[in-house]
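Student: Sharing a structure, written as structure tokens. Questions coming.
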Amino acid sequence: MAKKIYITESQLSKILNESGLLTEAVNKVDNFKLIGDLINLTDPDKFFFVQIVKRWKDNKDKTGADAWRKSARTDMTYHKGGDFGNFANGTAFKVHDKQELLALRPQIIAYCNQNNARAYITSNPRSESQINQHLAKLQNKFGAKMNPWDQKYGFEHMAGQAKRYGPDWPDRVRLMFDIDTEKNTWYVPATATQKIHCKTVKGVMYVDDNRFPQLANCESRILDQSHAQLFLPKYPNQEQALAALGGVNVWEDTKAILAANNIPIETEYETPSHGLHIIIQDISKIANFDAVEKELRKYDDGHDVKQFQLVHANFDGKLILYSNVDTSGY
């Protein structure tokens, strides 16, 4: 009779990883129904802009990557690290309602999966007449000297541009708070973390301090901007030790800050990199927005590091509609 051998899940994962049989899981995001509920247009001039983007960093390790990028640059679809979709080749769309968005779902998903690309949608609607008027002004001003990319894909360019809400852009009211860390990440103030001894193993920092046995081997990271550390709990009861040091769970604490400032969350979704996008419906109804932004700098020890903040506001940014990318550097 064969002898039974029992191994833990972590041991199995280690075996598969070391044998090359296991790769990092892809975090698939399918937001068609979730985002479709945000679309409610009555003005025929307005539309939401959907655009498929094939990013270089997701494909640079693939066969033929250099040839693809060269071809995209020749066609003037490649800029800012990716190949941006357009109406001509069926990789950009104007969407007016949820049904229209869902009808495009099979086509968009098939293209994304075949090309290792992502699909995005603007968080706020665009005005077709406003874009056409602006393009006409550029044409009258520059004529043949107009940027070649704008001559060919000017409408897509204008539709994809993010604009912060204000007097010039009164309809760009929806925004997101982007949390650039995983669900189980805790923030501990630098005043506490500086007192904790850590060790570095193969470039990764771990807690190595007998005063905090519950944090033993708990992975940590340093924020270069402020030297604050983030701890990612991996074992039971570490949350209590982190809380005793003044630590807070970043996701939960961010939501608590929004609630305390009477900012309702419209919806949210986990990103492909396991972060979180929290969607806020209308910035014009937030009277104390600057104070909220300042409070969220706590995770960077109060430093204003702009888009590099661990939790930052993304004004009029594109929402992830679909992503199932495969990349070695994700």
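Student: Counting only residues that are closer than 20 Å to Ala119 by Cβ, without any contact (Cβ under 8 Å) to a residue 60 or more places away in the chain, hydroxyl-bearing (Ser, Thr, Tyr) and part of a loop (DSSP other than H, G, I, E, B), how many does region 40-98 have?
Tutor: Residues that pass the stated criteria total 1.
Student: Consider Asn40 against the criteria (1) surrounded by fewer than 13 Cβ atoms within 10 Å (Cβ to Cβ); (2) in contact with a Leu (Cβ under 9 Å, 6 or more places away or on another chain): it satisfies all of them except one. Which criterion is unmet?
Tutor: (2)
Student: Specify the residue that is surrounded by the fewest Cβ atoms within 10 Å (Cβ to Cβ); the eligible residues are those in region 294-307 that are in contact with a strand residue (DSSP E or B) (Cβ under 8 Å, 6 or more places away or on another chain) and closer than 15 Å to Asp253 by Cβ.
Tutor: Looking at residues that are in contact with a strand residue (DSSP E or B) (Cβ under 8 Å, 6 or more places away or on another chain) and closer than 15 Å to Asp253 by Cβ, I get Lys298.
Student: While we're looking at this one, here's another question. In region 244-280, how many residues are crowded, with 18+ Cβ neighbours inside 10 Å and among the small types (Gly, Ala, Ser)?
Tutor: The qualifying residues number 2.
Student: So which residues in region 111-127 are part of a helix (DSSP H, G or I) and surrounded by 15 or more Cβ atoms within 10 Å (Cβ to Cβ)?
Tutor: Of region 111-127, the ones part of a helix (DSSP H, G or I) are 111-115.
Hits for region 111-127 are Tyr111, Cys112, Asn115.
Student: Might you let me know whether region 186-193 holds any residue that is exposed (fewer than 12 other Cβ atoms within 10 Å of the Cβ) and either in contact with a Lys or Arg (Cβ under 7 Å, 6 or more places away or on another chain) or at negative phi (or both)?
Tutor: For region 186-193, residues exposed (fewer than 12 other Cβ atoms within 10 Å of the Cβ) and either in contact with a Lys or Arg (Cβ under 7 Å, 6 or more places away or on another chain) or at negative phi (or both): present.
Student: So, of the residues in region 164-179 that are farther than 18 Å from His277 by Cα and not acidic (Asp, Glu), which turns out to be surrounded by the most Cβ atoms within 10 Å (Cβ to Cβ)?
Tutor: Tyr165
Student: Just give me the residues in region 66-80 being surrounded by fewer than 13 Cβ atoms within 10 Å (Cβ to Cβ) and either of a type in the set (Lys, Arg) or in contact with a helix residue (DSSP H, G or I) (Cβ under 9 Å, 6 or more places away or on another chain) (or both), in sequence order.
Tutor: As a first pass, look at region 66-80 and keep what is surrounded by fewer than 13 Cβ atoms within 10 Å (Cβ to Cβ): 66-67, 70, 73-74, 80.
Answer for region 66-80, where residues must be surrounded by fewer than 13 Cβ atoms within 10 Å (Cβ to Cβ) and either of a type in the set (Lys, Arg) or in contact with a helix residue (DSSP H, G or I) (Cβ under 9 Å, 6 or more places away or on another chain) (or both): Lys70, Arg73, Lys80.
Student: Out of region 128-163, which residues are touching a residue at least 12 places away in the same chain (Cβ under 8 Å) and not in a helix (DSSP H, G or I)?
Tutor: Result: Ala162, Lys163.
Just so you know, all these numbers are worked out from the coordinates, no wet-lab data involved. The shown structure was predicted, so the numbers you read here are calculated from the model rather than taken from an experiment. Note that we place each Cβ from the backbone using ideal geometry, even for glycine, and neighbour counts take in every protein chain shown.
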